[in-house]
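Everything below concerns the one structure shown next.
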Amino acid sequence: MKFDLLPQDCVSYILSCTSPRDACRSSTVSSEVRDAADSNLMWEKFLLSDYPEIISRLVSPVEFKSKKELFLKLSTPLLIDGGKKIFSIDKSTSKKCYMLSARDLYIPWATNSLYWCWKSLLESRFVEVAELIMVCWLEIQGTINTKMLSPNTTYGAYLIVKFPDRAFGLETLPSEVFVEVGEHRSQGTIYLRCNGGIKTELGRDSVDTLGSRDIGGSVERVIEKREDGWLEIELGDFYNDGSEREVKMSLREVKGQHLKGGIVVEGIELRPKL
Amino acid sequence: MSTTSQEKKLVTLKSSDKEEFVVEESIAVTSETIKNIIEDVGLELIPLPNVDGKTLAKVIEYCTKHSTGSNDDSEDIKKFDDEFLNSNQIQVLFDMVLAANYLNIKSLLEKVCTKIADRIKDMSVEEVREVFKIENDFTPEEEKKIRDEHAWAHE
């Protein structure tokens, strides 16, 4: 069998039907495959069709000499839409990911410095994060239009937070989390347990990934550690079929009359769920 | 196949190993290459030196099924495509890609490429080399450099 009989365009086309990960891995097979794997023809397919529009919305211009370079740059988190959001392409699936900054969310009382304060954190990619001083009514909500996301994709929405040492009152009652798109609603509950040696009944640190438990129709979520040092709480998921609709994502603890404080909110991330 | 009172125009396709296939012109022109030859030169016996008889027979089978006027999304067509491309032998798929590319049959090319791509997914570099019989022409240093460049892909 003579693989080298295949025209480079064919090899590029075959690779473009795999994934960016498989295509990059194939670069090490042979020089011929590498050339096909580096071709603009192939990376055009991985790049989203509306990438010129996306580039125009980035806060910092991105320079690139090839479509492959552009893809790899766009697959790193980049500030977009005046810094209110972060955009990236998921390398494995070529789908769009967004993070809405805390400033882009609806947080009741957030403009009142008695209840919430806004500050810059080195660990955040955004200019500001929101830190809860104290409230009774804790509600954090984000919305996004599905037209910004990749069609025919299941997305998960995750609230990105930290708990500084002075956090209090958050775990007294479970918080409700949900994602709503049209008729679809995905919901759960979560105890906002802070880390720092607090054990669960099972004797393990509560931020370990224990997996979610189903409790009578509403899934109990757990807080998961992220690679960037933040924690994330899954609010829910939904399937984007390509029609234009508003997605509402929310966490709230509004039943308890007691004061809670100390949660730091970076934003809400939307990424494809495998 | 639908029957009409009109006589259907026929063409003869000749493979690289001299096998001849008599085909309705309306089916043969699924191939853009053949379509152009007929339009430009008007041949009735069309030599195809880049496709052997075995592969040509399969290509004709594909074109016949896909020119019946039925929707490409129909269950019938999907089932046909699945079985048609269900070959464990990479050689068969390769021959099909070469033929579909040479004959310029876009839909067939896309389907075969996707089929080959499905095999490549999750294959290690060594497996790809073995299955597709590709020789590694990199020096160990060159290979390491490329691997490091795409470290994330090799995790």
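Rule-based calculations on the coordinates, nothing more; no lab input. Bear in mind that the values here come from a model prediction, so they are computed numbers and not experimental data. Because the Cβ atoms are built from the backbone with ideal geometry, glycine has one as well, and the counts that use them run over all protein chains shown.
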Using only atoms on other chains, find how many Cβ atoms lie within 10 Å of each Cβ of peptide B:120-131 and report the average.
4
Calculate for chain A the 222 nm mean residue ellipticity that helices alone would give, adding -39,500 (n - 2.57) per DSSP H run of length 4 or more and normalising by residue count, nearest 500 deg cm²/dmol.
-4500 deg cm²/dmol
Under 5 Å between amide hydrogens, which residues at least 5 positions from A:Leu121 or on another chain qualify, with H placed 1.01 Å from N in the peptide plane?
A:Val129
Using just the C-alpha positions of region A:47-160 as equal point scatterers, what log10 of I(q)/I(0) does the Debye formula give at each q in 0.12, 0.15, 0.21, 0.24 1/Å?
-0.50, -0.74, -1.19, -1.42
Pairing the Cα long axis of helix B:140-149 with the longest principal axis of chain B, what angle in degrees results, from 0 to 90 and rounded to the nearest 10?
80
Nearest-ten-degree value, helix B:90-103 long axis tilted from longest Cα axis of chain B
50
Please list, or write none, the aspartates and glutamates whose alpha carbon is within less than 18 Å of the alpha carbon of B:Lys78, excluding same-chain residues fewer than 8 places away.
B:Glu61, B:Glu110, B:Asp118
Scan around A:Thr189 for amide H atoms under 5 Å from its own, H built in the peptide plane at 1.01 Å from N, and keep only partners 5 or more places away or cross-chain.
A:Val177, A:Val219, A:Glu220, A:Arg221
A 24 angstrom limit on the alpha carbon distance is what I want to check against. Which of A:Lys45/B:Lys106; A:Lys73/B:Lys106; A:Lys65/A:Lys273; A:Lys91/B:Lys133; A:Lys67/B:Lys121; A:Lys95/B:Lys65 exceed it?
A:Lys73/B:Lys106; A:Lys65/A:Lys273; A:Lys91/B:Lys133; A:Lys95/B:Lys65
When only alpha-carbon atoms are used, what values of Rg and Dmax, in angstrom, describe the protein assembly as shown?
28.3, 89
Measure up B:Lys79/B:Lys111; B:Lys9/B:Lys111; A:Lys96/A:Lys248 against 23 Å on the Cα-Cα distance and list the ones that go over.
B:Lys9/B:Lys111
Rounded to the nearest 10, the angle in degrees between the Cα long axis of helix B:53-66 and the longest principal axis of the Cα atoms of chain B comes to 70
Peptide B:98-107 - average C-beta neighbours from other chains (10 Å radius):
1
The simple spin-label model distance between A:Lys273 and A:Gln187, using points 7 Å out along Cα→Cβ, in nm, is 1.6
Just to check I understand the Karplus step: with θ = phi - 60° and J = 6.51 cos²θ - 1.76 cosθ + 1.60, what whole-Hz values come out for region A:64-71, glycine and proline as x?
8, 9, 8, 5, 5, 4, 5, 4
If the label point sits 7 Å along Cα→Cβ of B:Ser16, residues of region B:101-130 with amide N under 17 Å come out as B:101-105
Per-residue average of Cβ from other chains inside 10 Å of A:10-20:
6
Could you work out how much longer the chain between A:Thr172 and A:Ser92 gets when fully extended? Use 0.36 nm per residue separation minus the Cα distance between them, nm to one decimal.
24.9 nm
